[in-house]
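Colleague: A single structure is presented below for examination.
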Amino acid sequence: NFTMKKLFILISLCSFGLLLMGCGKQSTETCSINEWISCETGTWTLDLSGTIDTVINAIKNQDLVTLSTFVGIQGLRFSAYEYVNTWTDIVLSTDEVYNGLALSRSFNRWVYDGSGEPIDIWIGQYREKFVYDVDFVTAPETYHNQKFERGNIINNIFDVYTGKEIVEYHFPQINPQYEWMDRRSLYLVLENVWGQRYLIGIVHGQWTI
């Protein structure tokens, strides 16, 4: 009996060792660390490039069902210009994003740059003017966590969203005759919570007076 017990213990230890070797090999093969992928011991995070592609295409195609799955409990803030105003910018919940284009109420907490007139439009109109007014999927420049000062507006995105992941889709110009005065940007702000990335901010950028 003593011999059988020793044999059983030996077999168990060998099996446990092989299991550890297998797990270590699996981790080495599947974990790649670069600017897009974050890998922490025991925690597998989403691939940022895959997440951001899904989000930007959901915005382009008005796929609110998919977009809403990336909205967490703190909601999704919309900023019409590169100055993020935490007091007046609209924040929509997951359900509100899901039903976004069906919302009949207008949003008039912003004012147009230059004229100072209130932006009194409903969410569908807001999307067409201050979210996806150009095809950002085809933007010639894309930046990850890089801040640029363009024009005279205060860009406080990186101050408001300190430590968050910020991806910018940027058109330096659209029509050459206007040079840089018709520039456009769309910033997508994501927060990583326990390996899950949530979209917490959409900021629109353009030339301002």
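The values are calculated or read from the model by the stated rules, or taken from the named source; none is laboratory data. For clarity, every value in this text was computed on a predicted model and none was experimentally measured. Please note: Cβ atoms are built from the backbone with ideal geometry, for glycine as well, and neighbour counts cover all protein chains shown. What goes into the accessible areas is simple: the full protein's heavy atoms, side chains included, and nothing from ligands, DNA or RNA. Shrake-Rupley method; radii C 1.70, N 1.55, O 1.52, S 1.80 Å.
Colleague: Determine the sum of side-chain charges near residue 84: Lys and Arg each +1, Asp and Glu each -1, restricted to other residues whose C-beta is under 11 angstrom from that of residue 84.
Modeller: Once positives and negatives cancel, what remains is -2.
Colleague: Given H placed 1.01 Å from N in the peptide plane, which residues other than close sequence neighbours of residue 197 have an amide H under 5 Å from its amide H?
Modeller: So residue 197 has HN proximity to 46.
Colleague: Hey, what's segment 139-209 come to in accessible area per residue, 1.4 Å probe, Å²?
Modeller: 50
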